[in-house]
Amino acid sequence: MIRFFCFLVLFSLFVLAASPPSYAQAQSKPLTLDDCIRTALSVPSAASLAKQDSDIANLAVRQAQAALLPHAKFDAEYTYNSVLRGRSPQQSFVALNGVREYSTLVTTEQAVDISGRLRAEVAIARAERDVAGASATISLRDLKRAVTAAYYRLLLTRHLETALRDSLTESEGFEKRTKLLLDQGEVARADLVKASAAASGLRQAYNAAHLDALTANYELAAFWTKDVTTPLDIVDVFLQEPVEPSEISISGASPFLTRPEFSLFDAERRVLLQEARRARANLFPQADVKFQYGVDSNAMRWSDRGYALFANLNVPIFDWFKTLTGARLFLKRAEKVQTTRSIAERIFSRDFENARTRVQMLFEQIRFTAAQMKASEEDVKLSRIRFDGGEGSALDVVTAQGQLAQARTNYYTAIANYLNAKADQEVARGR
């Protein structure tokens with residue numbers, strides 16, 4: 001019994017040691033944005049589904065190309081045909097060769113694509129492969145952008161939570177100080193009411209910021225793990241000095257034309273044009289050649305072997321304009337894709353200019369909000385000194401505290417908006 005117990009303990013320790021650690025345990029250093037993106041790409045996602053669609057499209061191309069090559073097969077067949085009554089040994093069914101028929105044939109068949117239908121199917125498969133490839137690129141880009149946005153949102157909510165917590169601590173300290181002064185008869189009750197109201201408002205704002213920080217952590221962690229409640233340790237890029245954006249030099253074609261959406265539009269248009277080509281192929285003759293070699297005899301004798309060649313030509317005559325209507329249908333859809341592409345050029349041009357302008361303006365906004373935050377911090381200090389010296393009012397202190405909380409919020413929001421604008425600019429440039 002003791003041996004069994006010891007074995008059970010050792011086996012449990014071995015299982016625990018061999019089991020993979022959770023992501024929180026495996027994380028040994030703060031995650032950078034690249035680490036988050038790389039981790040999100042390593043698990044199943046919309047990007048991996050798009051990659052699988054691209055792999056499927058590659059196989060479809062090989063399948064379509066195989067239709068142009070000869071096909072061979074081996075057939076073995078035995079047929080029994082009942083004897084005609086009163087006329088033995090004549091067979092009952094005249095369409096059959098005899099009472100017993102043995103068929104052992106090797107058949108090779110080759111389609112002669114004189115109508116272009118098979119070649120159109122190969123071109124369709126290649127265009128669909130390009131569609132899947134462009135879609136995979138877009139899905140990969142969108143996943144990276146979503147992780148980037150969640151990363152910056154988590155940093156922003158944490159900074160806002162910290163800023164509001166500091167402001168709340170300052171406000172609660174002032175509230176206690178005002179209450180002591182009221183007990184000593186040095187201030188009016190109205191001052192305490194103002195301090196309490198300000199502290200209550202900041203307390204509500206802090207609770208909301210804390211909730212946002214928790215949900216932002218859930219959002220980012222959900223990209224690669226089910227354990228979304230464990231706080232993520234990420235590198236705080238908000239503490240780094242923002243890099244002044246460099247002006248984008250535009251030479252030749254507009255940068256936004258390199259976006260993968262345009263590759264998707266072009267590939268979709270090629271698919272529809274080849275669909276029209278395949279539909280028109282029904283107007284032309286289609287031929288195939290079949291060659292057979294083996295035994296087709298009333299007895300299983302190898303000496304009866306032989307070969308046969310069959311050529312088939314299918315010439316369409318009239319189908320009530322069904323083929324022409326189908327071809328026009330695909331051509332109209334191709335025109336629609338081209339129209340959508342033209343609309344997208346204007347929209348993406350606008351998005352590119354918006355992103356470039358936002359990057360420049362938001363960088364200036366960071367400097368303004370940083371100066372505002374420093375001035376607000378100084379204003380809080382001076383208002384507290386004036387209030388403690390009996391020269392200022394509680395309203396001045398409460399107002400200064402509220403302005404400081406708003407200034408900190410504006411500063412960190414400006415940093416988050418600037419970094420997101422830079423990410424949007426990269427997307428608008430087709431990167």
Item to check | Cα pair distances exceeding 35 angstrom across the chain, given as percent | outcome: 62
Item to check | Kyte-Doolittle mean at least -0.5, axial Cα span of 15 Å or more - DSSP H helices of the chain | outcome: 2-18, 46-66, 117-183, 189-221, 394-428
Checklist outcome for this item: Links exceeding 21 Å between C-alpha atoms in this model, out of Lys176/Lys381; Lys144/Lys336; Lys290/Lys322; Lys51/Lys422; Lys144/Lys226; Lys29/Lys51, come to Lys144/Lys336; Lys290/Lys322; Lys51/Lys422; Lys29/Lys51
Item to check | For Asp75, solvent-accessible area (1.4 Å; no DNA, RNA or ligand), Å² | outcome: 60
Checklist entry - Scanning the chain for GluC sites (Glu not before Pro) in DSSP loops with at most 14 other Cβ atoms within 10 Å, what's the longest stretch left with none? => result 1-185
Next on the checklist: With a 10 Å cut-off between alpha carbons and a GNM built on the chain, which of Arg177, Arg129, Arg158 moves the most?
Outcome noted: Arg177
Checklist entry - For the stretch 174-301, what class follows from the C-alpha gyration tensor (a ≥ b ≥ c being the square roots of its eigenvalues): rounded when a/c is under 1.5, otherwise prolate if a/b is larger than b/c, else oblate? => result prolate
Checklist outcome for this item: Given Cβ charges of +1 for Lys and Arg and -1 for Asp and Glu, the option among Ser42, Gly86, Ala209 whose Cα lies farthest towards the positive end of the dipole of the chain is Gly86
Item to check | Charge-dipole axis of the chain as Lys and Arg at +1 and Asp and Glu at -1 on Cβ define it, positive-most pick from Phe352, Gln372, Ser393 | outcome: Phe352
Checklist entry - Any idea of the accessible area per residue across the chain, 1.4 Å probe, to the nearest Å²? => result 61
Checklist entry - Ordered by packing density, taken as the mean number of other Cβ atoms within 10 Å over each peptide's residues, highest first, how do 66-73, 313-320 rank? => result 66-73, 313-320
Item to check | Residue among Tyr218, Tyr307, Tyr411 with the largest mean-square fluctuation in a Gaussian network model of the chain, springs linking Cα atoms under 10 Å | outcome: Tyr307
Checklist entry - So which residue, out of Pro89, Pro245, Pro30, gets the largest mean-square fluctuation from a GNM of the chain using Cα contacts under 10 Å as springs? => result Pro89
Checklist entry - How do Met361, Met373 stack up against each other in accessible area, from largest to smallest, with a 1.4 angstrom probe? => result Met361, Met373
Next on the checklist: Accessible area of the stretch 372-431 with a 1.4 Å probe: how many percent of it is carbon plus sulfur?
Outcome noted: 49
Checklist entry - With every protein chain in place, what's the accessible area of Arg278 (1.4 Å probe, Å², nearest 10)? => result 80
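The values are calculated or read from the model by the stated rules, or taken from the named source; none is laboratory data. The model shown is predicted, which means the values in this text are computed figures rather than measured ones. Reconstructed Cβ throughout: ideal geometry from the backbone, glycine too, with neighbour counts over all protein chains shown. Accessible surface is based on the protein model in full, side chains and every heavy atom, while ligands, DNA and RNA are left aside. Shrake-Rupley method; radii C 1.70, N 1.55, O 1.52, S 1.80 Å.
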